[in-house]
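Remarks on the structure that follows.
The values are calculated or read from the model by the stated rules, or taken from the named source; none is laboratory data. As the structure is a computational prediction, the values presented were derived from the model and not from experiment. Reconstructed Cβ throughout: ideal geometry from the backbone, glycine too, with neighbour counts over all protein chains shown.
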Amino acid sequence: MAARAYWQGQIRLALVSIPVEIYSATNSSAQVAFHQVHEPSGKRIRYEKIVPGIGPIDTDDIVKGFEVSKGNYVLLEQDEIDAVKLESKRTLELVQFVDAHEIDVLYFEKPYYVVPADELAEEAFIVLREALRRTKKVGLGQLAMRGREYVVSLKPCGRGMVLETLRYADELRKAHSYFREIPDSKPDADLLDLAETLIEKKSAKFDASEFHDRYVDALKGLIEKKSKAKGRKIIEDPEDAPRAKGNVIDLMAALKKSVDGGTRSRAAAQREPEKDEADTKPKTAKARSTAKKAATKAPAAKSRASKTAAAKSGTSPARKRA
């Protein structure tokens, strides 16, 4: 593979060991990265490592230290840290299997792809993958990577498997401190029915490609405009920005409108006859005056035409009435 393995080791299940490689499943290059720049010179700002009272120092003189008291450190060199004996540095031992839905989504942190390290490992790798798939279980264990040990989950993914790092329980804040002000009351049954209808109407299979980072797109657009502006400041018109909607006062009406679609369908709009262009244009004062005179003359012209027709036939409207 072109990518460099993030971790190399083995998965152990009882007496079975499977050599594997782990690769990051996420791509950070999709984000827009900014640098700090000195505006007068246009040069990038660099940071120097300095010691107060001494000044800039050589990176070879830097070691890691743990502060045991104010200003006092226990110093550790990298080879001392690397020598710490921890089996999970090279081995992921699966110690437990659980149903996937048992793990709260808050614990999941970052995904990695897991592949067999060589052809000899493929058979055992496939057996473990299919066993997890058929039992619908997720394997749990602990793994040391890049200076810390993680709780990890392992599950099938296509022809391979996905490992996800999990947060420890003490890394999560307790939800009750945030939710305790929310009243413990049951919603109105009609409102709940409408909300469920709206959810069903908008339900679909998940497709990640349907979503993209619009903020990144907007930043790229700004960067492109700025590069052509020759230093001119670019501020988007606030009128073009989406406006925040106010509080919904009538929840029932809002839900009904959402369920109904809120606006006419495009098909219904297409069925309507198009208005004549002349009818849609605003009339000038002269045009309005001309139209008024024409409307006044129309009844008189109609009356004259009626009298002429009566004379030709030898009758008059008065005789006809008689």
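Structure summary
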read-out: Candidate set: region 1-46, residues that are part of a strand (DSSP E or B) and charged (D, E, K, R); chosen: the one surrounded by the most Cβ atoms within 10 Å (Cβ to Cβ); value: GLU21
read-out: Subset of region 136-151 [over 11 Å from ARG90 (Cα atoms), hydrophobic (A, V, I, L, M, F, W, C) and in contact with a Lys or Arg (Cβ under 9 Å, 6 or more places away or on another chain)]; value: VAL138, VAL151
read-out: Test result for GLN96, closer than 27 Å to GLY141 by Cβ and not assigned by TED's automatic domain parsing to the domain that holds GLY147; value: no
read-out: Tally of residues being in the same structural domain as PRO156 (by TED's automatic domain parsing) and touching a Gly at 6+ places or on another chain (Cβ under 6 Å) across region 65-90; value: 1
read-out: Any pair with Cβ under 9 angstrom, 6 or more apart, that starts in region 184-200 at a residue that is touching a residue at least 60 places away in the same chain (Cβ under 8 Å) and under 15 Å from LYS257 (Cα atoms) and ends at one that is of a type outside the set (Ser, Thr, Tyr) and not in a helix (DSSP H, G or I); value: ALA195/PRO187
read-out: Residue that is farthest from GLU149 (Cα to Cα), among those in region 66-115 that are part of a helix (DSSP H, G or I) and within 29 Å of the chain's Cα centre (by Cα); value: HIS101
read-out: Residue count for region 176-228, restricted to those that are over 30 Å from ASN27 (Cα atoms) and over 27 Å from the mean Cα position of the chain (by Cα); value: 12
